[in-house]
1. Here's a check for you: in segment B:65-97, which residue that is over 17 Å from B:Glu169 (Cβ atoms), small (Gly, Ala, Ser) and at the interface with another protein chain (Cβ under 9 Å from one of its Cβ atoms) is surrounded by the most Cβ atoms within 10 Å (Cβ to Cβ)?
2. With segment B:1-98 as the region, which helices (runs of 4 or more DSSP H) entirely inside it contain at least 2 residues that are among the acidic types (Asp, Glu)?
3. Is it the case that segment B:141-158 has a residue that's among the aliphatic types (A, V, I, L, M) and exposed (fewer than 14 other Cβ atoms within 10 Å of the Cβ)?
4. Among the numbered conditions (1) within 12 Å of another protein chain (Cβ to nearest Cβ); (2) free of Cβ contacts under 8 Å to residues at least 40 places away in the same chain; (3) out of contact with any helix residue (DSSP H, G or I) (no Cβ under 8 Å at 6 or more places or on another chain), tell me where B:Phe51 comes up short.
5. What tally of residues in segment B:13-26 results from selecting those that are buried (at least 22 other Cβ atoms within 10 Å of the Cβ) and within 20 Å of the chain's Cα centre (by Cα)?
6. Identify the residue in segment A:58-82 that is of a type in the set (D, E, K, R) and over 21 Å from B:Tyr6 (Cβ atoms) and, among all such residues, is surrounded by the most Cβ atoms within 10 Å (Cβ to Cβ).
7. How many residues are within 12 Å of chain B (Cβ to nearest Cβ), small (Gly, Ala, Ser) and surrounded by 11 or more Cβ atoms within 10 Å (Cβ to Cβ) if we restrict to segment A:83-114?
8. Out of segment A:59-81, which residues are among the aliphatic types (A, V, I, L, M) and within 12 Å of another protein chain (Cβ to nearest Cβ)?
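What follows is calculated from the coordinates using simple rules that are stated; it is not laboratory data. What you are looking at is a predicted structure, and each value in this text was computed from that prediction instead of being measured. No Cβ is skipped: glycine too gets one built from the backbone with ideal geometry, and neighbour counts run over all protein chains shown.
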Amino acid sequence: MACRNCKNNNQCPCQNHENDSYCGCNGNNAQNSCTQREMLHKIMSLNFAINDLALYLDTHPDDQNAIRMHCEYSEKQIELTAEYQKLYGPLTINFMSDTWDWIDQPWPWERGAY
Amino acid sequence: MLTNMYYYVKSLQYPINIRNRNPKLAKVIISQYGGPDGELAASLRYLSQRFGMPDKKSKAILNDIGTEELAHLEMVGTLVHQLTDGASPEEMEAAGLAPYYTDHGWGVYPQAAAGFPFNAVTLAVKGDPIADLTEDLAAEQKARATYEKLIDLCKDDRDVVDVLKYLREREVVHFQRFGEALNGVQEKLYQRNLYLTGGNNNNCGCNN
C-alpha cells in the first residue's frame, strides 16, 4: 500500500501497522500511521526486552533460545531506532546531522515528553 | 556505534506522564531517589561491588543491574519532578515541603522521605562476594517493600501507581538474578574446596 503523502510503497517500520499507509515521510498522514509516541514506545519496549534478556543471559549464558530472542529484538531495535532518529531527531549524541537537534526535542523527564 | 561508556539514551526505561501535580506524593517518593533503599544507593552499590566479584556471571550481573538502576534513578527523579513542577511555594509548604523548598527549591535532591540526605554508608561494599551478593538480595527485597508502601500511599493516582508497579517488578527480577549469581559463586567455591574470603581475586589465569 502506498503512502498517502508521497506515494512510496514502504511500510511503517515499527511493524505494528503493517497494513497502514505510512512510509516515514513525516507528512500529515498520521491517522493510520505510527505516531512519534507509538514509535518511541515500540523502541522502549524493544530496549526493555533486550535488557531483560541480557540480565537473564548473564546467569544463563548457554540458553540458545534466549540468545535467538536477543538477536531478534536487537536487530529490530537497531532498524527502528535508525528510522526514528531520521524522522524525529537524535536519541544518542552520535547521531549525525547538519543541525544540532539534540537540544530541540523535550527531555524524557519533562511532562508531555514521550 | 558509540565507543565510550557510559552514554545517554534520550528516553526513559518506562514512559512517565503524571497528569496531576501532587507535591505530597513527591515528598515520600523521593526516598527511592536518595533514601537508604533507593535507586542511587542501589546503582552505586552494585557498580562498586562489581570490582570485587570472582566469576564471569557475578561481574556481568552486577554491572548490568547497576546500570539499569541508573535508569530507575532517572525515573524516580522524573516522578518527583513532575509531581512538583509548577507548584507554588504555598503548595510546597502545604505538602510539608517548606524545609525542602528552602534548601532545594524545585530541584531534585537525593534524600530520604524523612529528610536526611543521601548517605554512602548504605552502599555496603564489603569486597566479599558472598557477603555482597547476600546484601544485594536483601537490598532488592527492601526496595520492593518500599515500593509497596509507596503504592499504598499513592493509591489515588493511577499514573503514579503504574510507574511504581513497574519499578517494584524490576526489583523482583533483580532478586532472582542475584540469587542465581550467588548460587554460581557458591558452586564454584565448593568445586575447588576453597573458602571464599575477600582476598581471593588474584588472577590465576583460569579466566573464571
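1. Of everything passing the filter in segment B:65-97, B:Gly77 is surrounded by the most Cβ atoms within 10 Å (Cβ to Cβ).
2. Output list reads B:56-84, B:89-94.
3. Taking every residue of segment B:141-158 in turn, at least one turns out to be among the aliphatic types (A, V, I, L, M) and exposed (fewer than 14 other Cβ atoms within 10 Å of the Cβ).
4. Tallying (1) within 12 Å of another protein chain (Cβ to nearest Cβ); (2) free of Cβ contacts under 8 Å to residues at least 40 places away in the same chain; (3) out of contact with any helix residue (DSSP H, G or I) (no Cβ under 8 Å at 6 or more places or on another chain), B:Phe51 fails exactly one: (1).
5. Residues flagged as buried (at least 22 other Cβ atoms within 10 Å of the Cβ) and within 20 Å of the chain's Cα centre (by Cα) within segment B:13-26 amount to 3.
6. Looking at residues that are of a type in the set (D, E, K, R) and over 21 Å from B:Tyr6 (Cβ atoms), I get A:Lys76.
7. Qualifying residue count for the region: 2.
8. Pass one, segment A:59-81, residues among the aliphatic types (A, V, I, L, M): A:66-67, A:69, A:78, A:80.
If the condition is that a residue be among the aliphatic types (A, V, I, L, M) and within 12 Å of another protein chain (Cβ to nearest Cβ), then A:Ile78 is the only one that fits.
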